[in-house]
Amino acid sequence: MRRLVVMVALVGCGRVGFDPTPGSGPGDDGGGGSGGGDGGGASDGSITGGDAPMPDAQPAACATAMTVQAGTPIAISTCAGNNDRFDGCGPNSTFEVVFKFFVPATGTYTVRAFDAGTMNISNTTGRLNAGCTTTTTCTGVLQTTFTSGTIEYFVVEASSGGCTNIEFDVM
């Protein structure tokens, strides 16, 4: 008698079939605000409005953040990422750009978003919390101490809604 042995291996990349339903995740009140999500994402990631935020919206925003180095400004449009994952410092339902800063040395840094080609600051910069789920600070110029080896995330939305060109800088 012959025996046939079949081995099946299941390999998943990331989460497979374990996405929570909107409104059931931790910190998700289903209505936006500071509890998680801005109420503007659909389950397919499109911007449709309503009460169902995309479960992975904020962590994805930090995963695709633009890296900025101290003293090297980045010129960009706030709509470059074509995302609306945060309702923090600008009007609700406004696209934003997210930046990532690897702190090279412990010290005081100044973070700001200038209007393109000027030294004017008319858009606020939001500092994101460690979980990249909400803004903890919204200000025109943020001056604070960062610890060496940490990663800091920032978000900028056009203060008047829509899109605007900025030069983002950490000094």
Under the Karplus curve 6.51 cos²θ - 1.76 cosθ + 1.60, θ = phi - 60°, whole-Hz ³J(HN,Hα) for region 159-171, x wherever Gly or Pro sits:
5, 9, x, x, 10, 8, 8, 10, 10, 8, 9, 10, 10
Could you give each residue of region 107-113 its phi-based ³J(HN,Hα) in whole Hz, using Karplus coefficients 6.51, -1.76, 1.60 with θ = phi - 60°, and x for Gly or Pro?
x, 8, 10, 10, 10, 7, 10
Report, largest value first, the span of the C-alpha coordinates of region 65-171 along each principal axis, in whole Å.
36, 31, 20
Once Lys and Arg are counted +1 and Asp and Glu -1 for all other residues with Cβ under 12 Å from that of Phe101, the total becomes 0
List the residues, sorted by chain then number, that are 5 or more residues from Thr137 or on another chain and whose placed amide H is less than 5 Å from its amide H.
Arg127
Each residue of region 75-82 in turn: what ³J(HN,Hα) in whole Hz from Karplus with 6.51, -1.76, 1.60 and θ = phi - 60°, glycine and Pro shown as x?
8, 7, 8, 5, 9, 4, x, 6
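Values in this text are rule-based calculations from the coordinates and carry no lab data. All values reported here derive from a predicted model rather than from experimental measurement. Cβ: placed from backbone, ideal geometry, glycine included. Neighbour counts: every protein chain shown.
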